[in-house]
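The values are calculated or read from the model by the stated rules, or taken from the named source; none is laboratory data. Quick caveat: nothing in here was measured; it's all calculated off a predicted structure. Backbone-built Cβ (ideal geometry, glycine too); neighbour counts: all protein chains shown. Only protein heavy atoms, including side chains, enter the accessible area calculation; ligands, DNA and RNA are left aside. Shrake-Rupley method; radii C 1.70, N 1.55, O 1.52, S 1.80 Å.
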Amino acid sequence: MKQGIITKVAGPLVIAKGMEEANMFDVVKVSDKNLIGEIIEMHGENASIQVYEETSGVGPGEKIVQTGMPLSVELGPGMLTSIYDGIQRPLDKIYQKTGKNIERGVEVNSIDKERKWTFVPKKHVGDTIKPGDIIGIVQETKVIECRIMVPVGVEGIIKEIKSGDHTVVEDICMVEDKKGKMHAIQMMQKWPVRKPRKVAKKLNPDDMLVTGQRVIDTFFPIAKGGTCAIPGAFGSGKTVIQHQLAKWADADIIIYVGCGERGNEMTEVLTEFPNLIDPRTKDSLMNRTVLIANTSDMPVAAREASIYTGITIAEYYRDMGYNVALMADSTSRWAEALREMSGRLEEMPGEEGYPAYLGSRIAEFYERAGKVECLGGDGRIGTLTVIGAVSPAGGDISEPVSQSSLRIVKVFWGLDAGLAAKRHFPSINWLTSYSLYKEQAEKWERENISDEFVSLKNEAMSILQEEAKLQEIVQLVGIDAVSSKDRVTLEVARILREDYLAQDAFDDVDAYASSHKQERILKMIFKFYDKMSKAVLAGVNVEEYTKLSYVARIGKAKFIEEEKVDNEFDEIEKAMERETDEIMEKGGLV
Amino acid sequence: MIKEYKTIQETAGPLMLVENVENVKYDEIGEIKLQNGETRLCKVLEVTEDAALVQLFESSSGINLKESKVRFLGKGLEFGVSKNILGRVFNGMGKAIDGMPNVIADKKVDINGKPINPAARIFPSEFIQTGVSSIDGLNTLVIGQKLPIFSGSGLPHAELAVQIAKQAKVLKEDTKFAVVFAAIGIPFEDAEYFTNSLRETGAISRSVMFINLANDPAVERISTPRMALTAAEYLAYEENMQVLVIMTDMTNYAEALREVSAARKEIPGRRAYPGYLYTDLSTIYERAGKIKGKEGSVTMIPILTMPEDDKTHPVPDLTGYITEGQIVLSRDLNKRGMTPPVDVLLSLSRLKNEGIGKGKTREDHSGVLNQLFASYARGKDAKELMAILGESALSELDRMYAKFADDFEKEFIAQGFDANRSIEETLNIGWKLLSTLPKQELKRIKDVFIDKYYVED
């Protein structure tokens, strides 16, 4: 391959001459240190290269080696349970090689090429295959089978297919195309990260992602294949929500991209997930997870790539027909990396110094989500849900990254610093957040939960809206000036907020609430509403009523374990009737 | 043979352009020799085939374009480490300034540090008792955490930092503690306060100080925290010490960065700070941590003053996005004489959940903490309402909460800078306060703990 010569080094930006043969977005190796870079601009023979590793010690006159390949990821069995850096180098392998710090130019395989996997063919000699067809499977982890697909560009008749133990780079299938040319298929394939993987067609998302988080599932649900943005100031709990979703969402595969965030957060996922049990598969959560970690102290250019690396891996599993969810924390750091490179390229800045193409890049990224019919003859369906955290400066979402995201996503969970300061978590503000999947969600809920749930949740939302108005009045004239009917509404709204919306991510039981439990709690709160209304209208004092001992039990109902929900809830509801009757009798109000 | 260049083309602010250079590398250190023999250091910011743009670490006064010479040293800025740095005082460039002979270094280490592999980290989970209730009880600090103090001008952040440095201990026996202190652009008196306080307690012998005073060159502030962290990492990972790094004031650091950025004519970001301020700060803060296979650790308490007490100012804002929480000081509490004036509702420790509970602090800690937060928040709301509408407009319960908020500030927060409370004491005070509320209000605490710890009249 032809070599270029460096003419300028400025931080992560290197300019080289003698690069006329290179293509845009090709990967190059910079200097003898073998640093990985990507060509992002060409002017005649000069190429601007963004380097994914620290460039200190690199100077003009050193060589650039072209690889002739765009930045690609290796896809195949062995990715699940891994932790990768922004350009798909396994961090645990790097740790074994270079110790606690990440050294530059370290070369490690993205996928283990020595390990043997047991390949079980699903097609036979003589079968005609086309791209996307599943030729066989490999049990990648206890819960996930990796379906080996025919790569794009290969079509024809199987001449040979080998079952048994193979590495990911061995030929497992030989295919003869129409012209009589033979193609070999391996378990591993490569795909350029900046190009979306091909699908047969895109469909409208209609199935719901169940997350076990009450405020999300009940009020602001997201569809499988949908998109969501979570903007929030620091300390408002973005990362905790992302972790909760990664833990409890009923997706088959989770891709967690830590983009420019804290090192300890990635370590937390690494130490915690293997010990957590998936409530559906009863197996370790790590077995369905791939982590991409570009922490904030790692080179900034690789941060830009990490998002694409993550979504390409996610698309690969989607293409197998899985429901995949990708969490990106945080897209703002990715946008900042874009801004930094743009500044060094001396491009004309747009809003707040971000490049003018920020909006289109964000749109392109979220558009890779969706429900699709995968390539291949069996018409299987896969979904890719994308949930991006945004870290707006000063918590003010009028900034470009938040606004560009909100223009494209369908669900918005607005985190509220005020709620966070009161330790109301998840601090999703129920007045400003929205979900555009409401219709699909209601249809799904009618089929999977109950009609009653749909009407209760809508009523609950109007009570919360009503509360906001009443609170303003209370602030002005005091609680005594409010009618008893409104005081009941306020009390129910308080219970909805404190005992339903607030959910403790760090409590073993409360961290996850099934749809059934959500329905039961909601029903109980409305039963309370009903009883309290009757009692108060009959003349019982509001404060006296709220002192009834069962009221405190409603507050603790969320800590009741799933198996005990039905029994214990029935008991609380009995107590509710009994105590209400008693207080009314005592007041002679019956 | 190292070449000397007499081709300085221009100097402007902290920047200097040297022409006709050969074989110069990005980020390497250069040495400028003035006509009077004095030498100063600089660093390469940008290099093309025939010119290098360098950033001075010291002032540019006296540099003569014709007479001054530059030679490039082929390495980054380094600090010489050895066990003997304990008890010593250095300037922001790592030169000893305590009048004692230079430290004989075991080795020289590049001060920039390399990214820490997340796969090599241990998730911080070991409780540090600072003796301050508002921290231990509600915003618990753990080993390897980076927990900044967000302060404002005129607030006693120095006193709080000294209190923590004096009292901090790990509940495990025989741990070696060290304090690394970096003064970044602070006045002489403030620096003296730290030095004297550490001397009084005898902690000075296990401290290393890096002092860049307000009248020292601003560009030196860029290297000061990195020098300090290099020393801290050495003590932690090679001398197996638990190191507490206190850096004050990070706002001055960011301003020095802004100065260099402006001189380079870079596109300014918010409030004219460079767009890469987040990345730059994170290469400092992320050096805190605990590493697999190493006994020692680096725990960081950076201090910053928020201009106009504005938490959304870029320096506190970006810091908050990187660090694992923050301790916010309150002007209101301070005015009312409640010290240390920690605003517990705005403060947060992200790692507290790992550091507390059975076997670490006490089984009821998590519940008490959540309940104290919730009750104090409600009490403050009630007090606000009371201020507008008068006490009579409040329900009986809200009056209880209002009183709770007052008592909480007086007894829990306002312990003074000299009291050293054990975690048991802190939690017991919490229970005493919570017991002024009716039992059924304690929704965040498990019943078993209420039965065990609630103080009946």
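Taking θ as phi - 60°, what are the ³J(HN,Hα) couplings along segment B:116-133 by the Karplus curve (6.51, -1.76, 1.60), each to the nearest whole Hz, with x for Gly and Pro?
Going residue by residue, I get 8, 5, x, 6, 9, 7, 10, 5, x, 8, 9, 5, 10, 8, 8, x, 9, 4 Hz, with x marking Gly and Pro.
At a Förster distance of 41 Å, what's the computed FRET efficiency of A:Glu145 paired with A:Asp451, Cβ-Cβ distance as r, to 0.05?
For R0 = 41 Å, the calculated efficiency reads 0.65.
Under the classification rounded if a/c is under 1.5, otherwise prolate if a/b is larger than b/c and oblate if not, where does segment B:288-431 fall, given a ≥ b ≥ c as square roots of the Cα gyration tensor eigenvalues?
Here segment B:288-431 falls in the oblate category.
For segment A:503-547, which trypsin sites (Lys or Arg not before Pro) pass both filters: DSSP loop (anything but H, G, I, E, B) and at most 15 other C-beta atoms within 10 Å?
For trypsin sites (Lys or Arg not before Pro) across segment A:503-547 that sit outside H, G, I, E and B with at most 15 neighbouring Cβ atoms in 10 Å, the list reads A:Lys547.
Heavy atoms of the protein only, probe of 1.4 Å, neighbouring chains included. What is the accessible area of A:Val106 in Å², nearest 10?
Rounded to the nearest 10, that gives 10 Å².
Calculate how steeply helix B:188-200 sits against the longest principal axis of the alpha-carbon atoms of chain B, using the helix alpha-carbon long axis, and give the answer as 0 to 90 degrees to the nearest 10.
60 degrees
Return the equivalent ellipsoid semi-axes of chain B as a descending list in whole Å, where each equals the square root of 5 times an eigenvalue of the C-alpha gyration tensor.
After diagonalising the Cα gyration tensor, the semi-axes are 47, 23, 18 Å.
Decide, for segment B:24-130, between rounded, prolate and oblate: order the square roots of the alpha carbon gyration tensor eigenvalues as a ≥ b ≥ c, take rounded if a/c falls under 1.5, and otherwise choose prolate if a/b is larger than b/c, else oblate.
It is oblate, given that a/c is not under 1.5 and a/b is not larger than b/c.
Let's see if you can work this out: charge +1 on each Lys and Arg Cβ, -1 on each Asp and Glu Cβ, no other charges. What is the dipole magnitude of chain B about its Cα centre, in debye to the nearest 20?
My answer is approximately 860 debye.
Starting from the amide H of A:Met42, placed 1.01 Å from N in the peptide plane, find each other amide H under 5 Å away whose residue is 5 or more places distant or on another chain.
A:Ser48
Taking each residue in B:265-275, count the Cβ atoms of any other chain within 10 Å of its Cβ, then average. What number comes out?
4
Would you mind estimating how fast the protein assembly as shown diffuses translationally, via Stokes-Einstein at 37 °C and 0.692 mPa s with the Kirkwood radius over Cα pairs, in µm²/s?
Diffusion coefficient, whole number: 106 µm²/s.
Quick query: amide H of A:Asp297 versus all other amide H atoms, modeled in the peptide plane; which residues come in under 5 Å with a sequence gap of 5 or more or a different chain?
Here the answer is none, since no amide H 5 or more places off falls under 5 Å of that of A:Asp297.
With no solvent and one equal point scatterer placed on each C-alpha of segment A:487-590, evaluate the Debye formula and give log10 I(q)/I(0) for q = 0.14, 0.16, 0.22, 0.23 Å⁻¹, two decimals.
Those come out to -0.53, -0.68, -1.14, -1.22, one per q.
Partner chain Cβ atoms within 10 Å, averaged over the residues of B:393-404 - can you pull that number for me?
2
Relative contact order for chain B: what is it in percent, counting Cα pairs under 8 Å that are at least 6 residues apart?
So the answer I get is 16 percent.
For the pairs B:Lys114/B:Lys352; A:Lys17/B:Lys75; B:Lys352/B:Lys446; B:Lys166/B:Lys352; A:Lys422/B:Lys432; A:Lys531/B:Lys403, note any where the Cα-Cα span goes beyond 24 Å.
B:Lys114/B:Lys352; A:Lys17/B:Lys75; A:Lys531/B:Lys403
Going toward the positive end of the dipole of segment A:49-189, with +1 on Lys and Arg Cβ and -1 on Asp and Glu Cβ, which of A:Met174, A:Gly126, A:Ser82 do you reach last?
Most positive-ward Cα: A:Gly126.
Taking θ = phi - 60°, what integer Hz values does the Karplus form 6.51 cos²θ - 1.76 cosθ + 1.60 yield along segment A:219-233, in sequence order, with x for Gly and Pro?
So the Karplus estimates, Gly and Pro as x, are 9, 10, x, 10, 7, 5, x, x, 10, 8, 10, 10, x, x, 5 Hz.
What is the average number of partner chain Cβ atoms found within 10 Å of a Cβ in A:507-514?
Average per residue, whole number: 1.
Please work out the FRET efficiency for the pair B:Lys169 and A:Asp32, using the Cβ-Cβ distance as r and a Förster radius of 41 Å; give the result to the nearest 0.05.
Using R0 = 41 Å, I get an efficiency of 0.25.
Based on alpha-carbon atoms only, what is the radius of gyration of segment B:85-201 relative to the globular estimate 2.2 N^0.38 Å?
Ratio of Cα Rg to 2.2 N^0.38 Å: 1.23.
Can you give the relative contact order of segment A:355-422 as a percent, counting alpha carbon pairs under 8 Å and 6+ residues apart?
Answer for segment A:355-422 is 30 percent.
In what sequence, highest mean first, do A:49-59, A:417-427 appear when ranked by Cβ atoms within 10 angstrom?
Peptide ranking by packing, descending: A:49-59, A:417-427.
Based on the Cβ-Cβ distance from A:Glu472 to A:Met348, what FRET efficiency comes out when R0 is 35 Å, to the nearest 0.05?
It comes to 0.15.
Peptides A:139-151, B:232-244, A:197-209: what's the order by average Cβ count within 10 Å, highest mean first?
B:232-244, A:139-151, A:197-209
In deg cm²/dmol and to the nearest 500, what is the mean residue ellipticity at 222 nm of the protein assembly as shown if only DSSP H runs of at least 4 residues count, each as -39500 (n - 2.57), divided by the residue total?
Only helices count here, giving -10000 deg cm²/dmol.
In whole Å, largest first, what are the principal axis extents of the Cα atoms in segment B:53-109?
Over segment B:53-109, Cα extents along the principal axes are 42, 25, 16 Å.
In the full protein assembly as shown, how much of A:Glu561 is accessible to a 1.4 Å probe, in Å² to the nearest 10?
Here the residue's solvent-accessible area equals roughly 80 Å².
With respect to the cross-link table entries B:Lys176/B:Lys294; A:Lys224/A:Lys443; A:Lys558/B:Lys443; A:Lys534/A:Lys586; A:Lys558/B:Lys358, which display a Cα-Cα separation exceeding 19 Å?
Cα-Cα > 19 Å for A:Lys558/B:Lys358; rest within.
When N is the residue count of segment A:423-543, what does its C-alpha Rg come to as a fraction of 2.2 N^0.38 Å?
Taking N as the residue count of segment A:423-543, the ratio is 1.16.
Which semi-axis lengths, in whole Å and largest first, follow from the square roots of five times the eigenvalues of the Cα gyration tensor of chain A?
Ellipsoid half-lengths, sorted descending, are 51, 29, 19 Å.
Using Cα-Cα distances under 8 Å and only pairs 6 or more residues apart, what relative contact order does chain A have, in percent?
13 percent
Taking the Cα centre of the protein assembly as shown as origin, sum charge times position over the Cβ atoms of Lys and Arg (+1) and Asp and Glu (-1), and report the length of that vector in debye to the nearest 20.
Result for the protein assembly as shown is approximately 1880 debye, rounded to the nearest 20.
Take the Cα pairs of segment A:204-316, get the Kirkwood Rh, then feed it into Stokes-Einstein at 20 °C and 1.002 mPa s and tell me D in µm²/s.
This corresponds to a translational diffusion coefficient of 142 µm²/s.
Could you pull out every residue, at least 5 positions away or on a different chain, whose amide H is within less than 5 Å of the one on B:Asp98? Hs are placed 1.01 Å off N in the peptide plane, and Pro or chain starts have none.
Residues meeting the criterion, in which the H sits 1.01 Å from N, are B:Val89.
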